[in-house]
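Engineer: Once you've had a glance at the structure underneath, I'll fire off some questions.
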Amino acid sequence: MDVAGTSGGGSSLPSVGTDATKRKVCYFYHPTMGNFYYGNGHPMKPHRVRMTHALLEKYGLLRHMRVLRPIPAHESDFCRFHADDYIAFLRTANSSVENDPATLRRFNIDDVECPIFHGLYKFCQLYAGASISAARQINLDHYDIVINWSGGLHHAKKSMASGFCYVNDVVLAILSLLETRHVGPFLFLLLILHHRLCIFLLDSVNVPLDDGIDDESYLYVFKPVVAKAMEVFRPKRPVVLFQCGADSLSGGSATDAGRSLPSVGTDATKRKVCYFYHPTMGNFYYGNGHPMKPHRVRMTHALLEKYGLLRHMRVLRPIPAHESDFCRFHADDYIAFLRTANSSVENDPATLRRFNIDDVECPIFHGLYKFCQLYAGASISAARQINLDHYDIVINWSGGLHHAKKSMASGFCYVNDVVLAILSLLETRHVGPFLFLLLILHHRLCIFLLDSVYGDIYVCLFGICMQRVLYVDIDIHHGDGVEEAFYTTDRVMTVSFHKFGGYFPGTGHIDDIGCDGGKHYAVNVPLDDGIDDESYLYVFKPVVAKAMEVFRPNAVVLQCGADSLSGDRLGCFNLSVRGHGECVKYMRSFNVPLMLLGGGGYTLHNVARCWCYETGVALGIEVNNKIPDHQYSEYFAPLYRIHLPTTNMANKNSRKSLDDTIAKVLANLSKIQAAPSVQFKERSSLIDLDEIDEDQEDASDSDE
């Protein structure tokens, strides 16, 4: 239907020179587009499309092109890419009624990023319909250029909303172009600061840029890249989809690095958070009198649920780790032993001694191997979510078992999930049969020259990985297993704040700084009994700040062992929950992908308090000090508070001793002149499986 327009029909005459002035242009606009409203304070304003149209009208540009009103997209159009149940949800979504929280989490609908607003489905029909209509005009060969300024909502996924986008009109337009006649694979140029998007059946060129780029620098990159792409791509009929996101303009409010909504200052409140939990984790039992109680993870989850924190993050059930996952670090014979270990039969004493298995520290208990699969699988799954660029912060409170060694258990830890998670972050990720030329600064991707063929056979893959990972450990015990694993590499820096001197595991001297290629990349901060919040943060912040400055990690893994809290059954520090959580808040402020893991912690109610509070810190939510009534309320009697006073134990860490420690650690860190180079190695292909959404009621046990 014409809104206003000129003559139609037929593409224009051939171009003369490199850029002839004449093009036949078609422009799609619906007059109601500006009526839609995401909500008070939301940065996405469809009114911008109406403002653009008003300018076009006033400048007289409308009379130079055909102006068409788009046909609204039908449900069948949406379901060519999107899942039926997701579209059915959008069709019936209503902001005036109470929606099921589990369904909202499943489809990534919330009040901040992707809210339900009046006319949501109609909004999707109009902007997606305009892009589909534009594609059809190209298919009919009527126009050289087609325009839909309401489209380009490129973040939406097959089964969920993302980044203010509900339906991916870009994918639907490409499918429409593919439908009518074969035009070959497409060149999809995406020149915006965000680069998380759905790319479907196309070759891709990503040119990520850093903050503050101006016109001259932008065009200096843009023109040769586009020219080369057009030269080497050479389709029979070039079809270019140009997504003109205006958030690359000066003065935009969404130019901060990261996956979530724009940051304000160094520590914005909003982060996209993913939390891993398996409901059977609390069932495992080390044995009568053993201080390690997996039940603490269930208690933490119960608090998160009662405080309403689960609805502010994606809750996923982890895929249990496979034997091949374990053997990326651990010895085959040790994992084979764990797989067959049985507490009900007599085990060979020599084998038990060899693997450091006993009845006191690391016993064999019912379901031991399954326990290892779950907590390690959660950490590996969390790492994959960071690799896929889906979340800013990922959480696994069942993980952080940092003492396990390559061929033996240690300190209540059997499998070192921290090492396995870091290896997953560092690994080369095979991404399938695409020609993917990646020139990236922010994500430090490795670049290979490659070719590909369509189908199941492809030649020469390139990989995506994190170049550098920083591991920070605030457990009272030294993170010996993780340090040992990466002691000779410059791709992982380990920083451990721990009690040293006559205390398990007895390692972590300040002079232990790594060796060979990893020299100065092991950082140990030994502390004494009774350290309080003020003293701990006095050391923690300058050391971490220096590590971040010289190492420039692409991701941070923070082990949040709660045995450094005041009153811990096995600990001798005097930190409050708030002081412990301040470490999480400080790490969060660097706006680097962050993984939070559990660890030690042997006074159950304090562990649950701490990890619940720190989940709130990750989300930017201050939890109420009064603990709500729930099934584990008796554990928190008599005060029923998150924040408890610390003890009056003496702080044996003098200001001079702390200053000396800081000076020595900073001096060692200063010897790292620049972020390290990376030697990439091709790895065997890994099968990527989606984690199981906790909200899917029909989800079966993922190991069956």
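The values are calculated or read from the model by the stated rules, or taken from the named source; none is laboratory data. Because the structure is a prediction, the values reported are computed rather than measured. Don't worry about glycine lacking a Cβ; one is built from the backbone with ideal geometry, like all the others, and counts go over all protein chains shown. The accessibility values were calculated without ligands, DNA or RNA, using every heavy atom of the protein model including side chains. Shrake-Rupley method; radii C 1.70, N 1.55, O 1.52, S 1.80 Å.
Engineer: Could you list which residues have their amide H under 5 Å from that of TYR27, counting only those 5 or more apart in sequence or on another chain, with H placed in the peptide plane?
Structural biologist: Amide H neighbours of TYR27: ARG66, VAL67, LEU68, ILE147.
Engineer: Mind grabbing the accessible area of MET649 for me, 1.4 Å probe, Å², rounded to tens?
Structural biologist: 70 Å²
Engineer: Could you list, in their original order, any pairs among LYS546/LYS585; LYS293/LYS652; LYS405/LYS671 whose Cα atoms are separated by more than 21 Å?
Structural biologist: On the way: LYS546/LYS585 17 Å; LYS293/LYS652 30 Å; LYS405/LYS671 29 Å.
With Cα atoms farther than 21 Å apart: LYS293/LYS652; LYS405/LYS671.
Engineer: Another question about this same structure. Under 5 Å between amide hydrogens, which residues at least 5 positions from ARG641 or on another chain qualify, with H placed 1.01 Å from N in the peptide plane?
Structural biologist: Sorted by chain and number, the residues that satisfy this are ILE627.
Engineer: Separate question: Roll a 1.4 angstrom probe over the protein heavy atoms and tell me the percent of accessible area of region 25-182 that is carbon or sulfur.
Structural biologist: Here carbon and sulfur together make up 55 percent of the probe-accessible area.
Engineer: So, one more: Could you run the Karplus curve 6.51 cos²θ - 1.76 cosθ + 1.60 with θ = phi - 60° over region 542-555 and give me ³J(HN,Hα) per residue in whole Hz, x for Gly and Pro?
Structural biologist: Listing the rounded values in order: x, 5, 5, 4, 5, 4, 5, 5, 8, 8, 6, x, 8, 8 Hz.
Engineer: Using the heavy atoms of the protein chains alone and a 1.4 angstrom probe, what is the accessible area of region 25-182 per residue in square angstrom?
Structural biologist: Using a 1.4 Å probe on heavy atoms only, each residue of region 25-182 averages 45 Å².
Engineer: Further question: Could you point to the residue in VAL167, ASN148, ALA88 farthest towards the positive end of region 25-182's charge dipole, with +1 and -1 charges on the Cβ of Lys/Arg and Asp/Glu respectively?
Structural biologist: Highest projection toward the positive end goes to ASN148.
Engineer: Among the lysines, which have Cα under 25 Å from the Cα of LYS22 when same-chain residues fewer than 8 positions away are ignored?
Structural biologist: LYS58, LYS223, LYS228, LYS236
Engineer: To continue, here is another question. Amide H neighbours of MET595 under 5 Å, counting only residues 5+ apart in sequence or on other chains, H built in-plane at 1.01 Å?
Structural biologist: Counting only residues 5 or more places away or on other chains, the set is VAL394, VAL556, VAL557, LEU558.
Engineer: How about region 326-433: which GluC sites (Glu not before Pro) there lie in a loop by DSSP and see at most 16 other Cβ atoms within 10 Å?
Structural biologist: Passing both the DSSP loop test and the Cβ count: GLU346.
Engineer: At 1.4 Å probe size, with no ligands or nucleic acids counted, give the accessible surface of ILE213 in Å², nearest ten.
Structural biologist: The accessible area comes out at roughly 60 Å².
Engineer: With +1 on each Lys and Arg Cβ and -1 on each Asp and Glu Cβ, how big is the dipole of region 25-182 about its Cα centre, in debye rounded to the nearest 20?
Structural biologist: Using only the charged Cβ atoms, the result is roughly 480 debye.
Engineer: Still on this structure, please answer the following. List the lysines whose alpha-carbon lies under 16 Å from that of LYS626, not counting same-chain residues fewer than 8 positions away?
Structural biologist: Within reach: LYS306.
Engineer: Round to the nearest 0.05 the FRET efficiency obtained for THR647 and ASN625 when R0 = 22 Å and r is the Cβ-Cβ distance.
Structural biologist: Rounded to the nearest 0.05, the efficiency is 0.70.
Engineer: Could you derive backbone 3J(HN,Hα) for region 324-333 from the dihedral phi with the Karplus parameters 6.51, -1.76 and 1.60 (θ = phi - 60°), listing whole Hz in sequence and x where the residue is Gly or Pro?
Structural biologist: Result, ordered by residue: 5, 5, 4, 6, 5, 10, 7, 5, 4, 5 Hz.
Engineer: Sticking with this structure for a sec: Residue-wise, which Karplus ³J(HN,Hα) couplings in Hz belong to region 603-611, taking 6.51 cos²θ - 1.76 cosθ + 1.60, θ = phi - 60°, and x for glycine or proline?
Structural biologist: 9, 3, 5, 6, 4, 5, 4, 4, 6
Engineer: Kindly report, to the nearest 10 Å², the accessible surface of ILE138 as traced by a 1.4 Å probe over protein heavy atoms only.
Structural biologist: So the heavy atoms of ILE138 present about 30 Å² to solvent.
Engineer: If you take the Cα atoms of region 25-182, find Rg, then find the Kirkwood Rh from the mean of 1/r over all pairs, what is Rg/Rh?
Structural biologist: Computed over Cα atoms, the ratio is 0.98.
Engineer: Further, regarding this structure: Let me check something: with ligands and nucleic acids excluded, how do TYR375, TYR59 order by accessible area (1.4 Å probe), largest to smallest?
Structural biologist: Largest to smallest exposure gives the sequence TYR59, TYR375.
Engineer: Something else about it: Please list ARG63, ARG384, ARG50 in order of solvent-accessible area, largest first, computed with a 1.4 Å probe with all protein chains present. Intermediate values should be presented prior to the final figure.
Structural biologist: On the way: ARG63 165, ARG384 30, ARG50 75 Å².
The ranking, largest first, comes out as ARG63, ARG50, ARG384.
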